[in-house]
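In what follows, a single structure is set out as structure tokens and then discussed.
Any read-out appearing in this document is the output of simple, stated calculations on the displayed coordinates, not a laboratory observation. Values in this document were obtained by computation on a predicted structure and should not be read as measured data. No Cβ is skipped: glycine too gets one built from the backbone with ideal geometry, and neighbour counts run over all protein chains shown.
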Amino acid sequence: MSQATEAEHRPLIDATGDSRRPTGLLLVGIPVLLMAWLVVWPIINAIVRTIWRPDQTGDYGLDFSSYGFFFSDGYSLANLSITLWTTGVCALFLLVICLPIALYLRFAQGPLPGFVQALAIFPMFVPSIILAYAFIRVLGPNGMVDIILNSVGLPKIRTPYLTPWGPVIGLVWDNIPLTVLILLSGLGSVANQAIEAARDVGANRLQVFWHIIMPRISNSILVALSFSILGIFSAFTLPYLLGPAAPEMMGPFMQRTFREVNDLLNAMTQAVITFGFCIAFGLFYVRSVARNQRK
Amino acid sequence: MAVTITARPRIDGLGIIFTLLLSLAIIFPLLVVGTWAFTEIWRYPNVVPQQFGLRFWEQTLTRPDVWGALTLSLQLSTVVTLLSAAICLPAAYAFARMSFPARTVLFFSFLAGHAFPKFGLLIAIAAIFLQLNLIGTFWGVVLIQLVGTLLFMIWIPVAAFQAVDRRMEEAARDVGASPLRVFWSITLPQAGPTIAAAVLLTFVGTFYETEGAWLIGAPAIRTMPVLMISFINNQMVIQYGAVLSVMLWVPSFVALMFARRVIGGGAFARGFGG
């Protein structure tokens with residue numbers, strides 16, 4: 001309740017009188033304060049507490065030693081680089097897989113596109129924990145793929161389970177629906193007339209794609225990639241269940257530092273470092289969403 | 001069908017290729033899990049299980065930890081969804097209909113949580129919860145899951161309220177209906193279905209929320225996904241995980257059916273910045 005009353009006391013700067021104004025602030029007060037308390041404050045808290053720390057004598061001062069440790073520790077750096085590698089490979093695969101699907105969905109006619117779209121969006125309704133289990137049953141040791149290969153007399157696969165490719169496959173699978181949806185929404189702004197006009201003057205498919213479609217959807221591509229990169233960089237469940245124990249991605253690494261090693265300072269340092277690596281994508285993503293909403 | 005112009009109705013080869021590849025990558029793994037759930041014996045080199053049956057359903061469903069996790073997950077999801085609806089729906093109405101200072105800034109402030117990598121943010125929140133002794137408690141998990149629902153539960157209802165035909169509301173006012181009556185009889189029936197879909201998706205999303213529950217709640221708070229993690233990690237009887245997957249997927253299927261109207265519209269992709 002105190003949160004609501006706080007909201008009521010905010011100064012009403014705007015001069016155009018309207019008696020319902022305090023009610024509006026009151027109604028949005030609780031969620032806004034919850035955001036401030038559990039999103040904005042923890043971030044500030046993590047940054048401040050990792051750089052403004054007491055030294056041996058107990059005096060507070062600027063101290064970057066936990067960051068120094070992270071960037072000089074071989075294991076931490078290995079975890080960071082496996083995370084960067086996974087994120088980059090996933091982004092590349094997502095683009096290569098989802099762009100053709102989205103292009104097909106935008107321009108194809110007939111009964112099949114609806115079905116293809118349903119298939120592409122389906123992973124949205126499969127919780128990643130079930131995905132992890134299905135992955136192990138299909139691609140794991142003695143999984144379904146091995147069974148099928150064995151039945152036709154072929155050797156077993158080298159399973160991606162518990163290798164860096166495990167999280168890559170899982171995360172790409174998980175991110176296909178939103179990437180396709182965002183790209184498709186961007187392709188909606190490509191006018192058929194523009195393509196027909198280009199075709200009329202003799203442009204082939206590749207030229208149409210490169211000169212007409214690409215410039216119009218480049219922003220959507222960046223948004224889709226930013227969104228997936230934000231999700232993949234600090235993914236936890238899939239890397240934890242499907243990835244190697246060492247080096248591990250930042251998500252499992254932070255979780256272990258926090259819960260198992262009980263090292264709050266280094267866990268927060270790792271969190272702030274992931275913020276730093278993703279800040280550009282985060283800001284770009286938020287800016288695009290805000291711009292879209294205002295349209 | 002006229003076939004005069006450069007004929008379109010030919011075989012959609014690309015579509016068939018996409019359908020086959022996506023079915024193989026997306027439906028096939030789930031079918032394998034489904035098969036495991038109804039299998040009693042399936043030794044390695046055999047392509048089909050030797051014996052089908054429901055034995056493992058009975059075994060899974062009589063495990064006390066499964067029931068405990070299921071009850072806890074349902075409780076958590078219900079509490080989080082109700083709290084979220086109670087604080088977000090009035091806020092959504094205010095954002096859609098009222099004017100107040102800093103309205104735009106506050107509206108977009110809900111994006112802040114999406115500008116940061118999620119697990120890093122969870123660690124930062126956990127650092128705060130540590131001081132408040134909320135780690136390993138029911139309400140700690142409620143809070144962390146509640147924050148995750150805010151954006152969705154405000155933005156979708158805002159769109160729903162804005163889509164309501166204002167002229168109908170004004171007409172009702174003109175014939176003497178009270179504001180409350182207008183809200184109840186005109187606004188709510190029009191915005192209702194979309195809001196119901198948002199509430200349902202929030203419930204299902206909370207039910208499957210894994211990372212916050214694992215980081216904040218484990219080991220004391222064992223939700224269904226957390227239990228599933230331990231089933232996978234400890235390599236217990238394969239069928240337990242399969243049965244649990246099939247059971248876990250049921251709410252998701254309900255959501256799939258209901259959410260089609262929300263996701264079908266471009267509004268959803270636009271909400272994600274498309």
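For the reader, a short list of remarks on this structure follows.
- Scattering from chain A was approximated by placing one identical point on each alpha carbon and applying the Debye formula without solvent; log10 I(q)/I(0) at 0.13, 0.14, 0.15 1/Å stands at -1.10, -1.17, -1.23.
- Point-to-point label distance, B:Arg63-A:Trp37, nm (Cα→Cβ direction, 7 Å offset): 3.6 nm
- Charge dipole of the protein assembly as shown about the Cα centre (unit charges at C-beta), most positive-ward option of A:Gln293, B:Leu30, A:Pro247: A:Gln293
- Global geometry of segment A:117-238, whether rounded, prolate or oblate, following the gyration tensor of its Cα atoms and the 1.5 cut on a/c: prolate
- Sites matching trypsin sites (Lys or Arg not before Pro) across segment A:106-201 that sit in DSSP coil, with at most 12 neighbouring C-beta atoms within 10 Å: A:Arg158
- Computed from backbone phi with θ = phi - 60° and the Karplus coefficients 6.51, -1.76 and 1.60, the 3J(HN,Hα) list for segment B:172-187 is 5, 4, 4, 8, x, 6, 6, x, 5, 5, 4, 4, 6, 9, 10, 5 Hz; x is used for glycine and proline.
- Taking the charge dipole of chain A about its Cα centre, with +1 at Lys and Arg Cβ atoms and -1 at Asp and Glu Cβ atoms, the residue from A:Ile130, A:Thr87, A:Leu206 reaching farthest to the positive side is A:Leu206.
- Each of A:Phe135, A:Phe115, B:Phe56 has some number of other Cβ atoms within 10 Å of its Cβ, and from fewest to most they run A:Phe115, B:Phe56, A:Phe135.
- Segment B:66-221 shape via C-alpha gyration tensor axes, a/c threshold 1.5: prolate
- Whole-angstrom gap from segment B:14-86 to segment A:46-62, using each part's C-alpha centre: 49 Å
- Shape call, segment A:46-148: gyration tensor on alpha carbons, a/c limit 1.5: prolate
- Amide H to amide H distances under 5 Å link B:Thr39 with B:Gly53, where only residues 5 or more positions off or on other chains count and H is placed in the peptide plane.
- Each of B:Asn234 and A:Leu265 was given a label point 7 Å from its Cα along the Cα-to-Cβ line. The distance between the two points is 3.6 nm.
- Per-residue average of Cβ from other chains inside 10 Å of B:247-256: 3
- Using θ = phi - 60° in the Karplus curve 6.51 cos²θ - 1.76 cosθ + 1.60, the 3J(HN,Hα) couplings for segment A:55-64 round to 8, 4, 7, x, 7, 7, x, 5, 8, 9 Hz; x is entered for Gly and Pro.
- For A:Arg53, the residues 5 or more places off, or on other chains, whose built amide H falls under 5 Å of its own are A:Gly61, A:Asp63.
- Orientation-averaged projected area, Cα convex hull of chain B (nm²): 23.5 nm²
- Calculated P(r) of segment B:140-251 - Cα pairs past 17 Å, %: 66 percent
- Hydrodynamic radius of the protein assembly as shown per Kirkwood, over alpha carbon pairs, in Å: 25.9 Å
- Other protein chain C-beta atoms within 10 Å of residue C-beta, averaged over B:96-104: 6.
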